[in-house]
Amino acid sequence: MRLPLFAANWKMNKAVSEVRPFMLALLEGLHVLSAKAGTHYEVMIAPPATHLMTAREATQKTPIQIGAQNCGQAPSGAFTGEISPVVLKELGCPWVILGHSERRHLYLEDDNRVLGRLQAALKEGLLPILCVGETLPERKAGQTMAVVERQLGILKNAEVAGKSIVIAYEPVWAIGTGENATPAQAQEVHQFIRSWLKTHFSPAFSEKTRILYGGSVKPENSAFLMSEPDVDGFLVGGASLDAKSFSGIVENGLKSRS
Ligand code: PGA
């Protein structure tokens with residue numbers, strides 16, 4: 001069975017001083033939940049890179065894991081503004097989000113650039129969450145699967161077999177818009193991703209790889225979305241900024257599993 005994963009992407013939000021109070025509030029919400037549900041799941045918070053040290057200190061000896069929102073394509077060197085995957089490891093930050101649509105569209109990271117980052121992350125033993133997803137014009141033009149397939153294609157050039165990776169399907173039109181994909185729309189693409197992994201890697205790899213949904217996830221829709229067989233958790237932006245909303249997403253998401 002795949003362990004549900006609830007990942008938060010804070011993007012460029014919150015002050016460093018807000019990290020500790022948030023983690024305390026989230027821990028409280030999750031404690032109440034574990035006592036109730038007794039279910040196993042993982043929680044990861046990706047704050048801005050500037051907040052990672054504080055986040056690590058605030059979550060030590062807790063089940064909350066931390067992640068970065070991107071990482072550089074080399075361990076070190078002349079890469080102004082980039083974040084070394086080696087240093088992420090040193091900081092005790094095991095997760096890294098790669099190929100987020102904001103990186104692809106605002107900072108023009110193409111598949112090749114994302115591949116370089118993915119290879120560097122895997123080399124350091126980080127756990128990548130590779131984001132894929134189509135824009136609204138691409139969906140309207142019937143290109144959803146072709147776009148997702150192209151973005152997944154970089155996996156063929158990365159040494160992922162035998163490693164732990166996570167895929168996040170995030171339709172660009174659903175990110176930050178309040179308009180989530182329907183459970184059926186999400187399932188259709190998740191199923192496509194899973195069968196692509198099976199064809200290009202192996203049935204075992206496809207079965208164990210978690211596929212998250214992202215795009216306007218909130219406590220009100222997490223149960224419906226997670227009732228789909230290939231939705232293994234979420235990558236949450238806006239609603240992850242509030243500890244109560246985020247633990248509500250976890251709680252309702254897990255309900256559909258019990
Ligand atoms: P959202 O963002 O939850 O605010 O739609 C999701 C994401 O960008 O990962």
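As a quick test, which of the pairs LYS14/LYS208; LYS89/LYS208; LYS218/LYS244; LYS123/LYS163; LYS14/LYS244 have an alpha carbon distance above 22 angstrom in this structure? Don't skip to the answer; put the middle values down first.
Working: LYS14/LYS208 34 Å; LYS89/LYS208 24 Å; LYS218/LYS244 11 Å; LYS123/LYS163 11 Å; LYS14/LYS244 16 Å.
Over 22 Å apart, Cα to Cα: LYS14/LYS208; LYS89/LYS208.
Using Cβ contacts closer than 10 Å as the measure, can you line up ARG104, ARG113 from fewest to most? List each step's numbers first, then the result.
Numbers: ARG104 20, ARG113 17.
Lowest count first: ARG113, ARG104.
Roughly how many debye, to the nearest 20, is the charge dipole of the range 5-255 about its Cα centre, given +1 on each Lys and Arg Cβ, -1 on each Asp and Glu Cβ, and no other charges?
Details: 24 positive and 25 negative charges, 63 e Å.
Magnitude of the dipole: close to 300 debye.
First obtain the Kirkwood hydrodynamic radius of the range 190-257 from its Cα pairs, then insert it into the Stokes-Einstein equation at 37 °C and 0.692 mPa s, and state the resulting D in µm² per second as a whole number.
Values: Rh = 12.5 Å.
Result for D is 262 µm²/s.
Sequence neighbours fewer than 8 away in the same chain don't count; with that in mind, list the aspartates and glutamates whose C-alpha is under 18 Å from LYS198.
LYS198 reaches GLU149, GLU159, GLU188, GLU207, ASP230, ASP232.
Report the Stokes-Einstein translational diffusion coefficient (µm² s⁻¹, integer) for the range 131-209, Rh taken as the Kirkwood radius over Cα pairs, at 10 °C with viscosity 1.306 mPa s. Display every interim value, and only then the final one.
Numbers: Rh = 13.2 Å.
The Stokes-Einstein estimate is 121 µm²/s.
Report the semi-axes of the equivalent ellipsoid for the range 40-142 in whole Å, largest first, where each axis is √(5λ) for an eigenvalue λ of the Cα gyration tensor. Please report the intermediate quantities before stating the final value.
On the way: eigenvalues 126, 64, 27 Å².
Working from the Cα gyration tensor, I get semi-axes of 25, 18, 12 Å.
With viscosity set to 0.890 mPa s at 25 °C, what whole-number translational diffusion coefficient in µm²/s follows for the chain from Stokes-Einstein and a Kirkwood radius over Cα pairs? Could the numbers behind the result be given before it?
On the way: Rh = 18.2 Å.
Answer, rounded: 135 µm²/s.
Would you mind computing, in nm to one decimal, how far apart the modelled labels at MET1 and THR62 are, each placed 7 Å from Cα along Cα→Cβ?
2.6
So how far apart, in nm, are the two label points at ALA15 and LEU106 if each is 7 Å from Cα heading toward Cβ?
2.1
How much length, in nm to one decimal, is gained on full extension between HIS200 and LYS123, taken as 0.36 nm per residue of separation minus their Cα-Cα distance?
So the chain would gain 25.6 nm between HIS200 and LYS123.
Rule-based calculations on the coordinates, nothing more; no lab input. Quick caveat, the model's predicted, so the values are computed rather than measured. Cβ coordinates were reconstructed from backbone atoms using ideal geometry, including for glycine residues, and neighbour counts include every protein chain displayed.
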